[in-house]
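Single-structure report; data block below.
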Amino acid sequence: MEDDMRFADGVQAQSPRFLLCDITGNVGELSSSDEARVSSPIQCFDKAVDSSTGFIVVRFGRMPMIGHETLIELVTALTRNSHTHHRPILALLHSRHRKLLENLHQAGVDFAWCVGEVTLDSDQVRAIIDGLVPDDRVERHLEVVCPFLHYSRIDPYHEMTVCGAYLDRMVLGGRWLHEICETEGHLQCEYYLNPRQES
């Protein structure tokens, strides 16, 4: 991203400082005093309110689902607080998850980036921020994820992904989930084109 490039909301991308909220432990050491890492939503909110941090980065990794719900509450509070609502928020995701993306969009989160489970250091987080483009906005991610994805919770750590265009009877996973329902490939899916929503 060029130094003079600005996002649509007027936030300049040059040498951004960031505050990272990571409760997964998959982030290495930070290399600059202009960057900070916290390990709890409360710490993140307090530091965001009390500092002049540019980007707020929140990592949504593999964790109990209550963890994702807590982080959604955090970003919602940040986008509604008068001290932090103007700061861009980047969500680092384990994978595209339609319900999570919908929650992020509703909360007003600006950007999302899929990082899997890799450990990130300071330079990598900064590179992600520097490389953000309009296609990384949350609403653009939602445009390429099948709208018929439904999720059924199994336990606090697991859920089934099912095809809502096939009466929620088709469990999706592995190759099917990746190649058809999480990419633009779902536009060629027979059930997307002709949903079976009644028996």
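Coordinate-derived values only; no laboratory data. Given the structure is predicted, the values throughout are model-derived calculations rather than measurements. Note: ideal-geometry Cβ built from the backbone for every residue, glycine included; neighbour counts use all protein chains shown.
Numbers at a glance
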read-out: Neighbour-count order for His83, His141, fewest beta carbons within 10 angstrom listed first; value: His83, His141
read-out: Other-chain or far-sequence residues with amide H under 5 Å of Asp121's (modelled H); value: Gly28
read-out: Per residue convex hull volume, Cα atoms of region 18-143, in Å³; value: 91
read-out: By average C-beta atoms within 10 angstrom, highest first, the peptides 117-127, 188-198, 69-79; value: 69-79, 117-127, 188-198
